[in-house]
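A.B. asks: Below are the structure tokens for one structure; questions will follow.
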Amino acid sequence: MNSIFETILNIIFPVECLMCNKPNVDLCGNCLQTIPHTGHTVNNSIYSLYSYKNKTIKELIWKMKYKNRRSVAQIFGRELFDEIIEVLNEKMLVLGSEKILLVPIPLHKNRLRRRGYNQSDLIAQAIVTHGTNNLFEISRTVLTRPKDTAQQARSQKRNDRFQNLAHAFEYTDSIS
């Protein structure tokens, strides 16, 4: 039923590459290659693949989060998979058969109900599908979000966004 509905929507509102208007893709591979990676790291533990200041990246994220364009998660998942493999290439030799744990940032149950999906979970699933040999494992229970916060997009100042998320998440010992 979803595919019929999506087909009708694609006829009325055709999907096109945001940059070159190529049909049937949110962002074509050629245009994606023109978007620079940031290479930004914080304390060698947080890495940003793209800058949110990039107009195309910002629009892709917006479409994924607010316009039900779940297919965008595949674009980010593929790119993140490639980057994870590149960054961890040497460490993976040491890890051997250990899996890489992906922990999607949870949405509060109210927001999840309204949106119908968690975009970070979709990206994590896309990363897993690009992998082989069960390299990745997703845990949706390590983090919970008991606090229903205001949308981050509504906060203009960086400090306000941090304050908004204070105590929003809880860690659990469960890795299922």
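The values are calculated or read from the model by the stated rules, or taken from the named source; none is laboratory data. Only a predicted model underlies this, so the values are computations on that prediction, with no experimental measurement involved. Reconstructed Cβ throughout: ideal geometry from the backbone, glycine too, with neighbour counts over all protein chains shown. Areas reflect the complete protein model, heavy atoms only, side chains present, ligands, DNA and RNA absent. Shrake-Rupley method; radii C 1.70, N 1.55, O 1.52, S 1.80 Å.
A.B. asks: What part of the accessible area of the chain, given as a whole %, is carbon or sulfur when the probe is 1.4 angstrom?
C.D. replies: 53
A.B. asks: I would also like to ask the following. Can you run phi through the Karplus equation (6.51, -1.76, 1.60; θ = phi - 60°) for region 80-87 and list ³J(HN,Hα) in whole Hz, with x for Gly and Pro?
C.D. replies: For region 80-87, the Karplus-derived couplings read 5, 4, 4, 5, 4, 4, 5, 5 Hz, x marking Gly and Pro.
A.B. asks: Please give me the summed charge of the neighbours of Asn89: other residues whose Cβ is under 13 Å from its Cβ, Lys and Arg +1, Asp and Glu -1.
C.D. replies: Here the count lands on -3.
A.B. asks: In terms of modelled amide H atoms, which long-range or inter-chain residues lie less than 5 Å from the amide H of Ile100?
C.D. replies: Those lying under 5 Å, H to H, from Ile100 are Phe136, Glu137.
A.B. asks: Now a separate question. With respect to the cross-link table entries Lys53/Lys157; Lys58/Lys157; Lys55/Lys109; Lys58/Lys99, which display a Cα-Cα separation exceeding 19 Å?
C.D. replies: Values: Lys53/Lys157 15 Å; Lys58/Lys157 17 Å; Lys55/Lys109 30 Å; Lys58/Lys99 31 Å.
Correct reply: Lys55/Lys109; Lys58/Lys99.
A.B. asks: Apply the Karplus parameterisation 6.51 cos²θ - 1.76 cosθ + 1.60, with θ equal to phi minus 60°, to every residue of region 71-78 and state each ³J(HN,Hα) to the nearest whole Hz, in sequence, with x for glycine and proline.
C.D. replies: These are the phi-based 3J(HN,Hα) values: 5, 4, 4, 5, 4, 5, x, 5 Hz.
A.B. asks: Hey, any idea what Rg/Rh is for the chain, computing Rh the Kirkwood way over Cα pairs?
C.D. replies: Rg divided by Rh gives 0.97.
A.B. asks: If Lys and Arg each add +1 and Asp and Glu each add -1, what is the summed charge of the other residues whose beta carbon sits under 14 Å from the beta carbon of Thr38?
C.D. replies: For residues surrounding Thr38, the net value is 0.
A.B. asks: How high is the relative contact order of the chain? Use alpha-carbon pairs under 8 Å, at least six apart in sequence, and give a whole percent.
C.D. replies: With pairs under 8 Å counted, the relative contact order is 15 percent.
A.B. asks: Sticking with this structure for a sec: Using a 1.4 angstrom probe, figure out how much accessible area the chain has per residue, in square angstrom, rounded to the nearest whole. Write down the numbers at each step before the final one.
C.D. replies: Values: 12240 Å² over 176 residues.
Value returned for the chain: 70 Å² of accessible area per residue.
A.B. asks: Here's another thing I want to ask about it. Quick one: compute the contact order of region 92-162, relative version, from alpha carbon pairs under 8 angstrom and 6+ residues apart, as a percent.
C.D. replies: It rounds to 40 percent for region 92-162.
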